[in-house]
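Asks: Below you will find the structure I want to go over with you.
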Amino acid sequence: MNTYLFVYDLMQFCGHSWIFTNMIIRFMSFGKDSLADTFYSIGLVMRLCQLLSVLEILHILAGIDKSRLFPRFLQIAERIIVLFVVINSQEEVQGKYIVCVLFFLWNLLDVVRYTYNMLARMGIYYLPLTWLNFSLCILLYPLSVLAKAFAICVSLPYFESFGTYSIKLPFPFAFSIYFPYVLKVYLLVLFIGMYFIIQNLFSERKAHLGTSNIKKKRS
């Protein structure tokens with residue numbers, strides 16, 4: 001199982017590293033012009049990586065990953081909803097700068113996280129990397145939540161105009177779902193979930209960067 005988890009982390013590391021490197025090279029080569037077509041350039045690989053991350057929930061349920069289920073489920077669900085439901089369904093949103101910002105934050109976090117995970121599978125704990133892994137997320141995760149919320153707000157006029165995912169059943173049901181209202185409710189859920197996730201991030205940081213744990217890993 002340790003070998004399987006290492007291969008999984010390696011695949012995710014390669015995918016996110018490719019995306020992150022591609023974004024930086026494109027920005028250095030084309031400047032601001034590269035931001036508008038970020039989704040068209042790396043969207044496929046991004047979608048594959050996020051779909052693959054659903055396996056992490058199964059890893060926890062199977063007991064081969066000791067992470068807490070609820071915070072991890074929230075993080076993965078947030079990304080799946082924003083990427084596939086909000087961004088992927090609205091072509092007008094895909095060219096917005098906020099998509100580039102969101103992808104940059106996601107991939108920066110994941111490159112660090114999967115690098116740490118791979119080394120940890122081999123019993124290697126590099127203190128600066130450990131500190132970066134459990135500290136950077138506390139800073140960047142709230143920023144990513146704000147970016148997700150902004151992306152949702154940007155998409156609302158398009159969902160209202162095109163009626164995407166809105167459902168209106170004919171008589172005799174007389175039942176309808178106006179999807180922009182669903183997204184507005186989800187914005188509240190997003191920020192409530194952020195509270196629980198940040199709590200979990202702080203507890204993980206304390207567990208891995210406590211004085212006794214650092215001494216054990218050094219020894």
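Asks: Tabulate in residue order the Karplus-calculated ³J(HN,Hα) for region 9-15, using 6.51 cos²θ - 1.76 cosθ + 1.60 with θ = phi - 60°, rounded to whole Hz; enter x for Gly and Pro.
Replies: Result, rounded to whole Hz: 4, 5, 4, 5, 4, 5, x.
Asks: Related question: How many nm is it between the label spots at S29 and I57, if each spot is 7 Å from the Cα in line with the beta carbon?
Replies: It works out to 3.6 nm between the two label points.
Asks: Magnitude of the Cβ-charge dipole of region 103-217, K/R +1 and D/E -1, about the Cα centre, nearest 20 debye?
Replies: Working: 10 positive and 3 negative charges, 104 e Å.
The calculated dipole for region 103-217 is roughly 500 debye.
Asks: How large is the accessible surface per residue of the chain, computed with a 1.4 Å probe and reported in Å² as a whole number?
Replies: Numbers: 12040 Å² over 219 residues.
So the chain comes to 55 Å² accessible per residue, rounded to a whole number.
Asks: What dipole magnitude, in Debye to the nearest 20, does region 22-103 give about its Cα centre under +1 on Lys/Arg Cβ and -1 on Asp/Glu Cβ? Walk me through the numbers on the way to the answer.
Replies: Values: 8 positive and 7 negative charges, 53 e Å.
In debye, rounded to 20, region 22-103 gives about 260.
Asks: Which is farthest toward the positive dipole end of the chain among F104, V145, Q199, measuring Cα position about the Cα centre, with Cβ charges +1 (Lys, Arg) and -1 (Asp, Glu)?
Replies: Q199
Asks: Here is a further query. If packing is taken as the mean number of other Cβ atoms within 10 Å per residue, what is the order of 116-126, 144-154, 100-110, highest first?
Replies: Working: 116-126: 15.5, 144-154: 19.2, 100-110: 21.2.
Sorting 116-126, 144-154, 100-110 by mean packing, highest first, produces 100-110, 144-154, 116-126.
Asks: While we're on this one: Could you give me the ³J(HN,Hα) list for region 135-142, computed from phi with Karplus coefficients 6.51, -1.76, 1.60 and θ = phi - 60°, whole Hz, x at Gly and Pro?
Replies: 10, 4, 5, 5, 7, 8, 4, x
Asks: State to the nearest 20 debye the size of the charge dipole of the chain about its Cα centre, where the only charges are +1 on K and R beta carbons and -1 on D and E beta carbons.
Replies: Charge dipole, the chain, about its Cα centre: 880 debye, nearest 20.
Asks: Can you give the calculated 222 nm mean residue ellipticity of the chain, where each DSSP H run of n ≥ 4 adds -39,500 (n - 2.57) and the sum is split over every residue, rounded to the nearest 500 deg cm²/dmol?
Replies: Per the formula, -26500 deg cm²/dmol.
Asks: Out of the total accessible area of region 3-157 (probe 1.4 Å, heavy atoms of protein only), what percent is carbon and sulfur?
Replies: Ligands and nucleic acids excluded, carbon and sulfur reach 73 percent.
Asks: Determine ³J(HN,Hα), in whole Hz, for all residues of region 17-28 in sequence, where each value follows from phi through the Karplus function 6.51 cos²θ - 1.76 cosθ + 1.60 and θ = phi - 60°; x replaces Gly and Pro.
Replies: So the J values, rounded to whole Hz, are 5, 4, 4, 4, 5, 4, 5, 5, 5, 5, 5, 5.
Asks: Once both labels are modelled 7 Å past Cα along the beta-carbon direction, what's the A77-L143 spacing in nm?
Replies: Placing both labels 7 Å beyond Cα along the Cβ direction yields 2.7 nm.
Asks: Measure up K148/K168; K96/K168; K66/K96; K148/K206 against 32 Å on the Cα-Cα distance and list the ones that go over. Could you put the intermediate results ahead of the total?
Replies: Working: K148/K168 27 Å; K96/K168 30 Å; K66/K96 37 Å; K148/K206 27 Å.
Too far apart for the 32 Å limit: K66/K96.
The values are calculated or read from the model by the stated rules, or taken from the named source; none is laboratory data. In this text, all values refer to a predicted model and were calculated from it rather than measured experimentally. Please note: Cβ atoms are built from the backbone with ideal geometry, for glycine as well, and neighbour counts cover all protein chains shown. Note: accessible area is taken over every heavy atom of the protein model, side chains too, but ligands, DNA and RNA are not part of it. Shrake-Rupley method; radii C 1.70, N 1.55, O 1.52, S 1.80 Å.
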